[in-house]
Structure formats: C-alpha cells, structure tokens
Amino acid sequence: MRKAQYFPHIIILVSFLFAVAASVHSANRIKVDWQPISPEDLTLKDNPASPGDSAMILYRELVIDGWDISTTEYVRIKIFTDEGRKWADVQIPFAPGVWDIKDLRARTIHPDGSIVEFKGEVFDETAVKIRGFKIRLKKFSLPDAQPGSIIEYIYRRQYGYRVLPPNGWTVQGGLYTRLGLFVFRPLQESGLGWREHGLPSELAPQKQKDGSFRLEVHDLPGVMDEDFMPPDKLVRAHVDFFNRYAPFQGNETAAEYWKQVGKLWSKNVEKFIDKRDILDKVVAQTARAEDPPEVRLRKLYARVQQIQNLDYESEETAGKRNVLYPNESVEDVIKHGYGTSTQINYVFVGLARAAGFQSSSVAFTPRDEDFFSPNLQDPRQLTGDLVYVHLGSQDRYLDPGDPYFPYSLLPWYASEAQGIRLEPDGGVIVVTSVPSSSDATLVRHAELQLGADGSISGELQIDFTGQRGCIRREEAWGKTEVDRQKNLSDQIKSWLPADSTFDVTGVTGWDSNSAPLHVEGTLQIRGYAAAVTNRILVPIAIFRASQVHSFRSATRVSPIYFPYPYQEWDEITLKLPVGYTVEGLPPGEKTPQSLVGFELAAMPDGATIHVHRRLVVDAYSFPVTAYPSLRSFFQTAASADGQQIVLQMPQF
C-alpha cells in the first residue's frame with residue numbers, strides 16, 4: 001500500500017522544530033502513571049449508564065507530546081462478563097524504526113483489591129505491510145482477567161526523528177468511557193487551531209498555562225466495530241489540531257490558503273526536477289517521437305518503475321547493500337538507479353514534461369485514513385503523493401512510485417481522493433479518478449467431477465485482477481514462495497465448505513503488476529452432495545456470498561464503506577457420474593440494481609451442468625440508510641447460492 005511518510009514538504013517546514021525538540025527530548029516528558037482505585041470500582045458489577053455492557057472504560061488518558069515526539073496512553077477497563085474478557089487480550093500497533101512501543105506496563109486488579117502485575121511475554125507479530133514497511137503488533141494477555149476484574153495498561157509510542165506524531169485525539173473507542181482525559185503539547189502554539197467531530201457542543205480543548213491543551217470527557221458511549229466501516233475519523237469523536245505555518249498571514253480563505261501551499265510546495269518539486277538535459281536524454285532512449293501519446297506515456301511509466309524503490313527494499317537487501325548516496329535531484333535518481341516512492345514520482349513528472357505533456361505532482365489525502373477538508377487549513381492532511389498528467393482531453397492520475405500498481409490503475413485508497421495539484425502559480429484542489437468495479441475482479445473457473453459418494457473433485461483456476469491482484473502482490477512483499485502459496489491456499493479454502501481441500505499447483509503473475517495473479521490447483525470437497533432415496537441433492541454454488549456474514553445484524557450504526565467497487569465471476573462445469581440425470585434445476589436468480597447486481601443460473605448439457613454466477617458491487621460507499629437494502633441483497637444472494645440441483649440416480 002501507500003508510502004509511509006508524511007508529505008516531504010511538511011517535513012522540511014518543521015525540521016527546525018524537531019532540532020529544538022531533540023535537545024529536550026525526554027527531560028520534559030509529560031508523565032502518566034497509575035490512578036488510585038476506589039472501592040466502588042472494585043465492586044462494580046455493571047455499567048449503570050449502559051446496563052448489560054460486557055465491559056467499560058473507567059479511565060483513559062491520552063497524551064500527545066510534540067516536544068518528546070511521542071504519545072502515551074493509559075487505559076483502565078472494568079470487565080463485567082465472560083465476553084468482556086476479550087479486552088484483556090491487548091494488541092498495540094507499531095512500526096519498527098518509525099514508531100516504537102516503550103515503557104509498557106500492565107496489571108490486573110481483582111475485586112478484593114489484590115494486584116497481579118503483568119510479567120508475561122509480549123509477542124511481536126506482523127499485521128500488514130503498508131507503504132513499504134511493516135506494521136507490527138505488540139500482543140499480550142493480562143493475567144487471570146475474570147468478570148469483576150479491572151485491567152489496565154500504559155505504554156508510550158515513541159516516534160523517530162523527523163516523523164510527525166499524531167495531530168489530534170481519537171476520543172471515542174469501542175467501549176463506553178466514563179472518564180477520559182486528553183492532553184496535547186504542541187511543538188508550536190502560534191497559529192494553532194483545531195477541528196472537532198462528534199463531540200457534544202459544549203466540549204472543546206482548553207488551553208493551559210504551560211501551553212498545552214486539555215480535554216476532559218464524561219460518559220461517552222462507545223462505537224461498536226462493524227465490518228466495512230469508514231475511517232475512524234469519520235465515525236468516532238475526535239479532535240484535530242493544525243498550524244497555519246509561515247509565510248501565511250492567517251486570514252486567507254480556504255481557496256487562497258491552498259493556492260499558496262501549492263505554490264510553496266511546487267518550488268521544491270521544480271527544484272528537484274530542474275534537469276532538462278538528463279530528462280530529454282532518458283525520454284529519447286525510452287520512447288520514440290512518433291509513438292502515440294499514450295504509448296509514450298506508458299513507456300515512461302515502465303521506465304521509472306525500473307528504478308529500485310527504497311521504500312520497498314527488503315531488510316535483507318538493505319543489510320547487504322553499500323551506503324546510499326543522497327538524491328538531490330532527478331539526475332541523482334537516474335544515475336544511482338534508486339529512490340523513494342516520492343522521488344520516483346517526481347522523476348515521472350519530469351520525464352512527462354520532457355516528452356511534451358502537462359504534468360504536476362499531487363498531494364492528496366488517502367481515503368482509508370480520512371477525507372480531505374479544505375476548510376481545515378492543515379497541510380498534514382496530505383500524506384500521499386501522485387502524478388497528474390493531461391493526456392489529450394483527459395486528466396490522468398498515476399502512481400508510478402508504487403511498484404505494485406500498473407499505469408492504468410491507482411491504488412484503491414488514492415482513487416476518488418481529494419488533494420492539491422502543485423502548480424508554480426498556486427495549488428489547485430482536485431479529485432482523482434473514480435474507481436470502477438471492473439478494476440477489481442475475481443474470476444474463478446472450475447472443472448469438477450461429481451462422485452457417486454457425493455464428493456466433488458477437479459481443477460480450479462482463479463484470476464485476481466486489478467486491485468485484487470495488486471494488493472495480494474503487495475501483501476506478499478518480502479515473503480518466501482512457500483509462504484505466498486500458503487496464504488493463497490488458506491484464502492481460497494476459506495471460500496469453500498468446511499470439509500474441503502485445495503492444493504496449489506502453480507501461480508503466475510507475481511512479477512507483473514499489469515497481468516492477473518493466476519492461481520491453479522486441485523480441489524476436493526467430501527460430502528458436498530446429499531443422497532435422498534433415489535436422488536442426490538447438489539448445492540448450486542461452490543463459492544457462496546461471504547459478505548452475508550457482515551450483514552447478519554438487523555441494524556447498523558455506521559455507513560458501509562468497502563475499499564473499492566468489485567466483481568466476482570464464477571464459471572463452474574460439473575460432470576455427473578455415469579447414469580445420473582438431471583431431474584430439477586433451481587430457477588436461478590437475477591437481481592440487477594443501480595449499484596449492486598447478482599446473477600446465478602445452472603444450465604444442463606447432457607451429462608454436464610454449467611453454473612454461471614456473477615456478483616457486482618458498483619460503489620464503495622453507502623449511507624447507513626442503505627443498510628437494509630444491502631442486507632437484503634446479500635441475503636438474497638446467499639439464499640440463491642443455497643439452492644440445490646436435483647439429480648436422479650441410475651436405476652439398476
């Protein structure tokens with residue numbers, strides 16, 4: 001996924017503050033320690049404000065310390081039921097070398113007041129690889145947590161030099177919070193503002209004598225986790241702080257502000273790509289002048305993706321290579337043959353211009369984190385970068401700096417995302433390309449034989465195209481081929497009935513970001529069909545609508561937010577045992593709608609049955625009011641998948 005860095009121009013503008021902060025790095029750190037425990041809390045048996053809760057947060061304290069470049073969090077939870085014991089299994093994300101977990105302490109307090117300090121093992125586990133580095137989890141379980149127990153833990157997340165800590169508080173979590181204290185000590189107070197979302201109107205951060213800001217909340221309901229939720233900032237109460245940095249005056253309109261930001265940042269881009277001679281030379285070597293415009297652009301895209309991307313360098317390679325020379329310009333990137341994702345994007349801007357295209361850098365807000373708010377005049381919203389190219393009458397948005405995505409496809413979080421196009425005469429607010437369901441297709445072909453014992457077996461071929469293939473390639477970054485195949489096999493088996501086996505026999509497309517990721521293997525499902533007297537009942541669909549599990553609840557609180565629109569295509573050929581005949585076929589299903597659609601049909605052909613299935617979701621964001629209709633849609637699909645083909649057994 002996306003590069004793990006704040007937009008580089010922000011780093012340049014605040015680096016002098018980090019130099020000052022480094023001199024007082026830990027001497028003036030805000031301290032957080034255990035709070036006293038009242039007898040009433042020890043004997044509390046339920047949440048009086050929300051009876052029946054499995055657990056509640058008695059106290060939470062979150063301190064963002066800009067001078068220490070750290071955040072410290074303290075959480076105290078009362079467990080009421082067996083279900084609430086899950087909160088004793090704690091997972092804390094971190095990124096080695098970017099932000100690390102320090103000073104972790106935890107303990108369990110029983111109703112009689114006895115305390116069990118956590119002295120167990122803290123496990124490290126890779127959760128996901130994002131933006132060219134690993135997000136890991138610190139995982140531990142608090143000892144002997146039972147209904148009636150209080151659990152609490154404190155940890156500090158220490159950020160690396162030149163890495164900005166969060167600029168606000170996520171106030172609301174998954175549990176009811178009785179008391180929450182939030183503190184923010186900014187690096188710079190001048191021009192500081194904030195934006196609130198989801199807080200009661202009477203609540204606002206209060207400035208303290210020491211320059212910090214403080215917010216205290218009481219009796220705040222939790223927001224339950226639901227599948228396919230929008231980013232936290234859109235569904236949970238939070239406060240964002242921002243600085244209007246120099247040279248702005250502080251009274252600009254939003255349009256004026258972003259125009260000036262774009263103009264200022266554009267100077268850095270222009271300086272980096274101001275090497276026309278070397279760019280002309282590379283263009284001449286890469287694309288012919290008589291090539292059609294889009295062909296030239298594709299060749300330049302392929303050329304820059306040949307540059308070694310340091311953001312996706314494996315730990316093993318990084319440990320073996322020699323010291324890197326810094327890249328001060330596109331000439332250095334081309335000469336050295338390596339660069340960061342952002343530098344590679346800058347090279348593409350330069351090459352596109354040298355080839356005669358209008359091209360610019362784009363700073364944007366990835367929509368898996370937040371949505372860009374121009375009225376919030378905070379450049380730290382813009383944590384990603386892309387390339388804009390005007391081709392003929394069309395505006396194109398491209399990301400050659402992500403090696404897993406081809407010319408024709410933006411990473412999903414960059415599609416229909418808002419940001420600023422950086423132009424020498426000022427920034428322009430833009431929205432990137434709208435995603436299509438055809439950009440994320442799962443295609444499954446199966447040639448299967450039904451056995452007289454009700455089992456089925458045969459060959460299965462799967463194509464992950466577009467987003468689906470690119471994401472899986474990125475998830476496989478740094479893994480061995482054995483681990484890659486195991487992950488694919490486990491995922492495919494999760495689509496199948498419980499008593500199934502699937503063995504991968506081949507995978508192609510790992511090294512091509514534009515081709516489908518193609519998987520082949522052998523499939524066997526025991527007891528798939530059921531015998532009834534002289535008939536056998538065969539479920540029509542092998543792969544069923546897994547989404548129905550996320551839409552079981554009759555109600556929902558949050559909007560529905562899929563990562564991207566998508567399609568599923570299944571073509572299954574089922575050969576019948578000798579002497580078996582088709583007695584009855586389900587009527588099938590066809591439910592086309594404006595944004596979702598489903599088709600399922602079974603067609604006999606002698607001793608063979610062909611099953612065609614298609615599911616389409618043509619949008620990624622739905623309001624919560626659409627939940628009943630979406631739930632009905634996926635339930636209809638699941639019901640159709642459960643229909644059965646009736647076969648007549650041979651009569652001897």
Can you compute 3J(HN,Hα) from phi for each residue in the range 210-221, using the Karplus curve 6.51 cos²θ - 1.76 cosθ + 1.60 with θ = phi - 60°, rounded to whole Hz and x for Gly and Pro? 7, x, 7, 10, 9, 9, 10, 10, 10, 6, 9, x
Within the range 254-434, how many Lys pairs sit with Cα atoms under 22 Å apart, leaving out pairs fewer than 8 places apart on the same chain? 13
Do any trypsin sites (Lys or Arg not before Pro) in the range 61-123 lie in a loop, going by DSSP, with at most 10 other beta-carbon atoms within 10 Å of their beta carbon, and if so which? Lys119
Can you tell me which of 595-601, 582-588 comes out highest on packing, and rank the rest after it, using the mean Cβ neighbours within 10 Å? 595-601, 582-588
Evaluate the charge dipole of the range 254-434 about its Cα centre and quote only its size in Debye, nearest 20, assuming +1 on the Cβ of each Lys and Arg and -1 on the Cβ of each Asp and Glu. 520
Ala55 neighbourhood, Cβ < 14 Å, K/R = +1, D/E = -1, net charge -1
Debye log10 I(q)/I(0) for the range 349-456, one point scatterer per Cα, at q = 0.10, 0.15, 0.18 Å⁻¹: -0.39, -0.68, -0.92
Provide the descending list of Cα extents for the chain along its principal axes, expressed in whole angstroms. 94, 82, 48
Distance histogram in 5 Å bins (all Cα pairs of the range 254-434, percent per bin): 1, 8, 17, 20, 20, 16, 10, 5, 2, 0
Over 30 Å [Cα-Cα, the range 438-648], rounded percent: 28
All other residues with a Cβ under 13 Å from the Cβ of Gln208 taken together, and with Lys, Arg as +1 and Asp, Glu as -1, what is their net charge? +1
At a Cα cut-off below 18 Å, give the lysines reachable from Lys575, other chains included and same-chain residues fewer than 8 away excluded. none
Rounded to the nearest 20 debye, what is the charge dipole size of the range 438-648 about its Cα centre when +1 sits on each Lys and Arg Cβ and -1 on each Asp and Glu Cβ? 620
Based only on the alpha carbon positions, what is the Kirkwood hydrodynamic radius of the range 431-560, in angstrom? 17.0
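What does the charge add up to near Gln648, with Lys and Arg as +1, Asp and Glu as -1, over the other residues with Cβ less than 14 Å from its Cβ?
0
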Rounded to the nearest 500, what is the 222 nm mean residue ellipticity of the chain from helices alone, with -39500 (n - 2.57) per DSSP H run of 4+ residues and division by all residues? -6000 deg cm²/dmol
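Note the per residue figure in Å³ for the convex hull of the C-alpha positions in the range 53-135.
Spelled out: Cα convex hull of the range 53-135, divided by residues, is 144 Å³.
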When Ser341, Ser489, Ser201 are arranged by how many other beta-carbons sit within 10 Å of their Cβ, fewest first, they go Ser201, Ser489, Ser341
What lysines could a cross-link reach from Lys233, if we take a straight Cα to Cα line under 22 Å and drop same-chain neighbours fewer than 8 places away? Lys3, Lys129
For the range 447-521 and the range 25-70, distance of Cα centres in Å: 45
Over 19 Å between Cα atoms, which of Lys31/Lys139; Lys102/Lys139; Lys102/Lys479 qualify? Lys31/Lys139; Lys102/Lys479
When Trp99, Trp265, Trp34 are arranged by how many other beta-carbons sit within 10 Å of their Cβ, fewest first, they go Trp34, Trp99, Trp265
To make sure I understand, if each residue's beta carbon is the centre and we count other beta carbons within 10 Å, what order do Asp103, Asp618 fall in, fewest to most? Asp103, Asp618
Largest first and in whole Å, what are the equivalent-ellipsoid semi-axes of the range 8-243 based on the Cα gyration tensor, each being the root of 5 times an eigenvalue? 30, 21, 18
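Computed from the coordinates by the stated procedures, all read-outs in this text should not be read as laboratory data. What you are looking at is a predicted structure, and each value in this text was computed from that prediction instead of being measured. Cβ atoms come from the backbone with ideal geometry, glycine included; neighbour counts cover every protein chain shown.
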